[in-house]
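Working notes, beginning with the structure itself.
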Amino acid sequence: MAVVAAPMFPLTPAVLTIRNRLICVLLAASALAVLMTAAWLSPDPRGTGSHHQLGLQPCQFLQRTGLPCGTCGMTTSFAFFARGNILASFYVQPFGAALAIATAMAFWAASYCAFTGRPAYRLIRRIPVGWAVGFILVFWLLAWGWKMWIVASGRDGW
């Protein structure tokens, strides 16, 4: 008796339910709202402080220690990214630039899933979660170190 292997993927493509497509629309709209808000903001040339335009308070960690916190410069980085100045975005806060890129990718992926009804989980399932979390944590710490160095050395302006 011959053994027949089952196909790796189903022969008919998976289709998202209406509920899941609506979730994708909400995800795409949320990502777009973040990017549009960043485009509306004027990036602070000092590399921090763009969030004040949103009515948020100054960073208490920066005010008390003279060094930036782990998220200082993220809003400015997003504002530079939204204007297409990727180099400034990475210089001001590398992790903020990576998050801005991830936000733009999330917008396009969620839009694709919402309009086509095709899921993107096959690609996402291949990402090893432990390694991804470790990489993100190490990258964030290195980006924070970079931000502290440029502030401490007086090179924080763009």
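Odds and ends about this structure:
- Modelled FRET efficiency - R0 30 Å, VAL129 with LEU62, Cβ distances, 0.05 increments: 0.40
- Hydrophobic, long helices, defined as DSSP H runs whose alpha-carbon span along the helix axis is 24 Å or greater and whose mean Kyte-Doolittle value is at least 0.5, occur in the chain at 18-40, 94-116, 129-152.
- Ellipticity at 222 nm from helices only: DSSP H runs of n ≥ 4 in the chain, each -39500 (n - 2.57), divided by the residue count, give -20000 deg cm²/dmol.
- Förster-model FRET efficiency, 30 Å R0, SER30 and HIS52, C-beta, rounded to 0.05: 0.85
- Note on ARG83 and ALA152: their simple-model spin labels are 2.9 nm apart, each label 7 Å out from Cα toward Cβ.
- Label positions at ILE136 and PHE115, each projected 7 Å from the Cα along the C-beta direction, are separated by 2.7 nm.
- Normalised by the number of residues in the chain, the mean separation of alpha-carbon contacts (under 8 Å, six or more apart) gives a relative contact order of 30 percent.
Bear in mind these aren't lab numbers, they're just calculated from the coordinates by the rules spelled out. Quick caveat: nothing in here was measured; it's all calculated off a predicted structure. FYI the Cβ positions are ideal-geometry reconstructions off the backbone, even for glycines, and counts take in every protein chain you see.
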